Amino acid sequence: MRFLTTFHLWPFLDTVVSLLTAFVLGTAIGAERQFRQRTAGLRTNALVAIGAAAFVDLGQRLGGDVESIRIIAYVVSGIGFLGAGVIMKEGLNVRGLNTAATLWCSAAVGAIAGSDMVAEAVLLTAVVLTANTALRPLVDAINRIPIAGRHVEATYTVSLTTRAGNAGPVGDLLVEHLEAAQLPVAELATAELGEDQATVTATLTSTSIEVEELDRITDHFTAVHGIAHATWAAHTQD
């Protein structure tokens with residue numbers, strides 16, 4: 001039986017330590033994600049860390065450090081496909097980037113554990129948990145800063161609510177005013193609201209503009225063209 005010739009107690013115990021370390025640390029990272037009800041939660045992060053540790057440990061046992069480095073390179077690129085699966089686009093917003101980045105970090109924790117650097121794996125886990133928890137209040141504080149009066153890099157939309165029969169002319173007029181203000185329009189869309197109302201929405205190609213210009217345009221449509229509801233929005237959420 002080949003098992004009897006390939007089994008060695010001390011290398012086996014080394015593998016046990018690597019996999020258990022990856023399991024514990026991946027579970028710690030995943031628990032925080034699970035608590036916040038993210039797409040990739042406890043089991044996913046734990047399995048990513050365990051899988052990365054298993055591949056790196058296998059490469060190290062079969063081919064030494066050089067082979068384990070090659071395995072790590074494949075883990076780094078391969079985890080990108082898994083991360084892409086949790087990124088979702090909802091309209092103009094993209095969600096899941098933080099979750100995908102956390103999966104990438106879980107793979108790094110597993111790779112370090114598989115390389116028998118337990119202390120370094122624990123350190124990275126602590127840094128990842130700090131980034132996902134301690135930085136949250138800072139993110140919330142930044143998001144609460146008023147957008148008005150600042151140059152903000154974002155996706156801007158201007159929306160007008162008008163009679164359904166006037167949606168076409170109003171859309172053309174909106175594009176004309178925006179382009180006159182040197183705000184090129186990337187997309188113009190119309191959505192019906194009931195039987196006699198429609199919303200015309202222009203998405204701008206600009207990513208950093210003076211918000212006062214958008215205020216001026218929406219105020220103009222309300223005062224001059226009799227638009228009942230004219231507003232603009234900046235979409236900055238990842």
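Overview of values
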item: Computed [θ] at 222 nm, helices only, for the chain once each DSSP H run of length n ≥ 4 contributes -39500 (n - 2.57); result: -20500 deg cm²/dmol
item: Distance in nm between pseudo-label sites at Ala134 and Ala191 (7 Å out along the Cβ direction from Cα); result: 4.1 nm
item: Using a Förster distance of 45 Å, the FRET efficiency for Gln182-Val127 (Cβ separation, nearest 0.05); result: 0.55
item: For Gln197, distant residues with modelled amide H under 5 Å away; result: Ala164
item: Val16/Val76 FRET efficiency (R0 22 Å; Cβ-Cβ; nearest 0.05); result: 0.35
item: The chain, accessible surface, carbon-and-sulfur percent (1.4 angstrom probe); result: 63 percent
item: Surface per residue (accessible, 1.4 Å probe) for the chain, Å²; result: 59 Å²
item: Kirkwood estimate for the stretch 23-108, i.e. one over the average of 1/r between Cα atoms, Å; result: 13.4 Å
item: Extended-chain gain in nm, criterion 0.36 nm per residue less alpha-carbon gap, Val24 and Glu210; result: 62.0 nm
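The values are calculated or read from the model by the stated rules, or taken from the named source; none is laboratory data. Given the structure is predicted, the values throughout are model-derived calculations rather than measurements. FYI the Cβ positions are ideal-geometry reconstructions off the backbone, even for glycines, and counts take in every protein chain you see. We work out accessible area using only protein heavy atoms, side chains counted, and drop any ligands, DNA or RNA first. Shrake-Rupley method; radii C 1.70, N 1.55, O 1.52, S 1.80 Å.
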